[in-house]
Amino acid sequence: MTEDAVPDRGVWFRVETSSAASAVRRAAERLARQLGMGEAGTADLAIVAAELTSNLVKHAEEGNLLLRPVRREGEAGVELVAVDSGPGMADLTLSSRDGHSTTGTLGIGLGAIVRQATWFDGYSRPGRGTVLAVQLWPGQSDAERPWVGGLTRPLTGESVSGDAFAARVVEGRHQVLVCDGLGHGPLASAASDAALAAFRAAPPGPPAAVVRHLHGAMSHTRGAALAVAEPDPAAGVLHYSGLGNISAAVVGGDGRRRGLVSLPGIAGHQRPAVREYDYPFDADALLVMHSDGVADRWQLADYPGLAERSPLVMAATLLRDAGVRRDDACVLVARAWT
């Protein structure tokens, strides 16, 4: 990790040694200064980064941490997602209390994280590892209950990912995008960057209209597989339009999956057929979308209690267990909003 600015898509760190933990802390402090979080915010973030990485070094197997900026209207914060395949915890709430320890230490790590964080969530199972997600916002900002969460991971050996995701709310429409730029590396990343920019700037309209807009805006790139979804739990329906190998499913409250249809094609190339499909989407349903860098064998029913966690923690857990290292990978989860 160089002293460059932390990009919006974030940076993944493999955390196995104290030197890697120090690199995360320095990058977190640099990002806080980059976002103008002030001395107090920077100090709080340094504590959280130190505790998360200390836990990974002491307890984890295959510990990784994502550091990235998060933004909402008029302000920016920092998000950290720690993922491991270690021994896990039977009771994450108990482990988050000061004084609880499994290694003879003071046991203040997770408690310190919870105190410093604006927003915190996690999931852990014995023998299955742990996912912890933390956001810190400047000042007295309140946490918002997230309706959508996602993350990407580049192909092993690459510094950037060709996969990307985005969410927007425009004229009451809650829409999400997952895209997979063709190939890997900087050119694939440039294609997905173009998709993200076009998605954010697209006129209000249903998913099929947005996909057509993205197709027209991406002709200068190598192209991408992509899909746009619009959950509408009030109407009990989800509108969906996809091109290429983006996988998507609606997961009902009973844990059953229903796959969504994406048509063959590449956004930005030739003239693909674009269609929109509607699916039942109740208030307790979940939408899960991912690129082909994630094996489509996952079942939320295999993770007791995971559906009750935040979309980000769900996405991180699925990426950890179903993501493949020989490809870029992206997972997005969305639920009904309140």
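Model label points for His220 and Glu75, set 7 angstrom from Cα along the Cα-to-Cβ axis, are 3.6 nm apart. The mean sequence separation of alpha-carbon pairs under 8 Å and at least six residues apart, normalised by the residue count of the chain, gives a relative contact order of 14 percent.
Fully extending the segment from Ser85 to Val57, taken as 0.36 nm per residue of separation minus the present Cα-Cα distance, adds 8.9 nm. Potential lengthening of the chain between Ser19 and Val170 amounts to 50.0 nm, from the contour at 0.36 nm per residue minus the alpha-carbon distance.
Per-residue 3J(HN,Hα) values for region 304-314, derived from phi via the Karplus relation 6.51 cos²θ - 1.76 cosθ + 1.60 with θ = phi - 60°, read x, x, 5, 5, 8, 7, 5, x, 5, 5, 4 Hz in sequence order (x marks Gly and Pro). Here's how it looks for Asp327: its modeled amide H is under 5 Å from those of Thr156, which are all 5 or more places away or on a different chain. Comparing Leu306, Cys179, Asn64 along the charge dipole axis of the chain, the residue lying farthest to the positive side is Cys179, per the Cβ-charge model. Pull out a ≥ b ≥ c, the square roots of the eigenvalues of the alpha-carbon gyration tensor of region 148-335, then state rounded if a/c is under 1.5, prolate if not and a/b is larger than b/c, and oblate in the remaining case. Since a/c reaches 1.5 but b/c is at least a/b, the shape of region 148-335 is classed as oblate. For Ser159 and Glu144, the difference between the fully extended length at 0.36 nm per residue and the C-alpha to C-alpha distance is 2.3 nm.
A Gaussian network model of the chain, with springs between Cα atoms under 10 Å, assigns the largest mean-square fluctuation among Gln116, Gln135, Gln270 to Gln270.
With all protein chains kept in place, the per residue accessible area of the chain amounts to 44 square angstrom at a probe of 1.4 angstrom. Scaled against 2.2 N^0.38 Å for its residue count N, the alpha carbon radius of gyration of region 11-136 is 1.00.
Computed 3J(HN,Hα) for region 144-150, one whole-Hz value per residue from the Karplus formula 6.51 cos²θ - 1.76 cosθ + 1.60 where θ = phi - 60°, is 9, 5, x, 9, 8, x, x, glycine and proline marked x. Converting phi to 3J(HN,Hα) with the Karplus coefficients 6.51, -1.76 and 1.60 and the offset θ = phi - 60°, region 213-218 yields 4, 5, 4, x, 7, 10 Hz in sequence order, with x at every glycine or proline. Accessible-area rank, largest first, for Ser54, Ser19: Ser19, Ser54, with all protein chains present and a 1.4 angstrom probe.
Centroid-to-centroid, using Cα positions, region 268-308 and region 27-57 are 33 Å apart.
Computed about the Cα centre, the dipole magnitude for the chain is approximately 400 debye when only Lys and Arg (+1) and Asp and Glu (-1) carry charge, each at its Cβ. In terms of its C-alpha gyration tensor, the chain comes out prolate, because a/c is 1.5 or above and the ratio a/b outweighs b/c. For the listed peptides 77-84, 300-307, a ranking on the average number of other beta carbons within 10 Å per residue, highest first, reads 77-84, 300-307. With each label modelled as a point 7 angstrom along the Cα→C-beta vector, the Val324-Arg271 pair spans 3.4 nm.
Give the carbon-plus-sulfur fraction of the accessible surface of region 11-136 in %, rounded to a whole number; probe 1.4 Å, heavy atoms of protein chains only. Here carbon and sulfur together make up 48 percent of the probe-accessible area.
The values are calculated or read from the model by the stated rules, or taken from the named source; none is laboratory data. Remember, predicted model here, so these are calculated numbers, not experimental data. Using ideal geometry, Cβ is built from the backbone for each residue, glycine included, and neighbour counts are taken over all protein chains shown. Ligands, DNA and RNA are excluded from the accessible area calculation, which covers all protein heavy atoms including side chains. Shrake-Rupley method; radii C 1.70, N 1.55, O 1.52, S 1.80 Å.
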